[in-house]
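The values are calculated or read from the model by the stated rules, or taken from the named source; none is laboratory data. Fair warning: this is a prediction, and the values are worked out from it, not measured in the lab. Here the Cβ positions follow ideal geometry from the backbone for every residue, glycine too, while neighbour counts run over all protein chains shown. Protein only, heavy atoms only, side chains kept; ligands, DNA and RNA dropped before computing areas. Shrake-Rupley method; radii C 1.70, N 1.55, O 1.52, S 1.80 Å.
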Amino acid sequence: AEGKNDEPEVKPEEIIPEKEVFVKEFEGSFIVSVDNHIKAYPQSGLDKADQVIELLAEGGITRFLAFYDSYHAEKIGPVRSARYYFVEIVKGYPSAFAHAGGNTDALNLVPYHKIMDLDEIYNSGAAFYRTKDRKPPHNLYTTTELMLKNANAKKYPIKSLEGLPIGEVSGGSKVDII
């Protein structure tokens, strides 16, 4: 049927929604070692991460490697120390790695692999802060803004991540809350 202006009538099922255009909130990327001890619950900022990997640290306790590439996070943490196998993962990305110290093997691998290092203990204290609502070591945090400022001051050539999966990924199990 024709309307008043001789335009064809459009049925609701024929309307194609416009595609959303994604805009990154910052340039660069960061990987953060995040605490998963019961005293660290609830963690902050994991909902803003593009990807989260859970890894066994020791004693049955796990930690997360949280990848930040798209969205600003006002609070990330609690931040914990690095392990050598975290560094082996991080070396494959053009990202700065935020952590609080680490075991000797991890700390030796960081310069060997030329990791862009944001270590709260040894070289980047200004990129982190402690809260008073928890006891150490479960009270260390950072933000994407603090990491970006510190990485820029160090003239790190951080780049955005390419190829991270978008949408559903096969394997694993779906979670509603992190």
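Remarks
- Being in a strand (DSSP E or B), open to solvent by 10 Å² or more (accessible area, probe 1.4 Å), of a type outside the set (Val, Ile, Thr) and modelled with pLDDT of 95 or more is a description that does not apply to PHE97.
- Inclusion of ALA66 among residues that are buried (at least 24 other Cβ atoms within 10 Å of the Cβ) and either modelled with pLDDT of 95 or more or outside any loop (DSSP other than H, G, I, E, B) (or both) is warranted.
- Which numbered condition GLU13 fails, given (1) acidic (Asp, Glu); (2) modelled with pLDDT under 80; (3) assigned to a loop (DSSP other than H, G, I, E, B): (3)
- Out of VAL90, VAL23, one residue alone is modelled with pLDDT under 95, among the β-branched types (Val, Ile, Thr) and either surrounded by 22 or more Cβ atoms within 10 Å (Cβ to Cβ) or over 23 Å from LYS174 (Cβ atoms) (or both). It is VAL23.
- Scope segment 69-84; condition touching a strand residue (DSSP E or B) at 6+ places or on another chain (Cβ under 7 Å), surrounded by fewer than 23 Cβ atoms within 10 Å (Cβ to Cβ) and not charged (D, E, K, R); matching residues: SER81
- Selection status of ILE115, on the phi < 0 side of the Ramachandran plot, among the β-branched types (Val, Ile, Thr) and either modelled with pLDDT under 95 or open to solvent by 50 Å² or more (accessible area, probe 1.4 Å) (or both): no
- Being at pLDDT below 95, more than 19 Å from LEU118 (Cα to Cα), loosely packed, with under 13 Cβ neighbours inside 10 Å and more than 13 Å from the chain's Cα centre (by Cα) is a condition met by at least one residue of segment 47-56.
- Conditions (1) free of Cβ contacts under 8 Å to residues at least 24 places away in the same chain; (2) under 21 Å from LEU161 (Cβ atoms); (3) of a type in the set (A, V, I, L, M); (4) part of a strand (DSSP E or B): number failed by VAL23: (4)
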